[in-house]
Amino acid sequence: MGRVDQAKTLLKAKKLQKELKNALITVEKGEGAVKVEITGEQKIKRIHIDPEYVDLEDITQLERWVEDAVKEAIQESQRLAQEKMQPMLGALSQLGL
């Protein structure tokens, strides 16, 4: 692979990385009781809990919603990253990355 091709591939990889950084995935659980926002880089931006759904007598339900929302958000973020990076993997392997 020539230097020009290498440079183009690295620029594409950086562009994809920026796209993932800016991508925002939102997952809701418990009919909107819990909302998790996460980037394509698997960085949690926000967790919102609607106080109307908080039952202090059954806090374990809220904990399950939070856990399920975070797990699903991470999975969706990983899926997005894999989809965006798949075309680049062959080119990056040729660069030794």
For this session: Kindly list, by first and then second residue, each pair from a residue in the stretch 31-58 that is within 22 Å of Met85 (Cα to Cα) to a residue that is exposed (fewer than 11 other Cβ atoms within 10 Å of the Cβ), limited to pairs with Cβ atoms under 9 Å and residues at least 6 apart or on different chains.
Result: Glu37/Arg46; Ile38/Arg46; Thr39/Asn22; Gly40/Asn22
For this session: Mind listing whichever residues of the stretch 6-39 are touching a helix residue (DSSP H, G or I) at 6+ places or on another chain (Cβ under 8 Å), in a helix (DSSP H, G or I) and not aliphatic (A, V, I, L, M)?
Result: Thr9, Lys12, Glu19
Seminar exercise, completed: If we keep only residues of the stretch 34-79 that are among the hydroxyl-bearing types (Ser, Thr, Tyr) and buried (at least 16 other Cβ atoms within 10 Å of the Cβ), then the residue nearest to the chain's Cα centre (by Cα) is Ser77
Problem set entry | Looking only at the stretch 1-24, and only at residues there that are closer than 15 Å to Gln86 by Cα, charged (D, E, K, R) and surrounded by 13 or more Cβ atoms within 10 Å (Cβ to Cβ), the one that is modelled with the highest pLDDT | Glu19
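The values are calculated or read from the model by the stated rules, or taken from the named source; none is laboratory data. Just so you know, these numbers come straight off a predicted model, no measurement behind them. Note: ideal-geometry Cβ built from the backbone for every residue, glycine included; neighbour counts use all protein chains shown.
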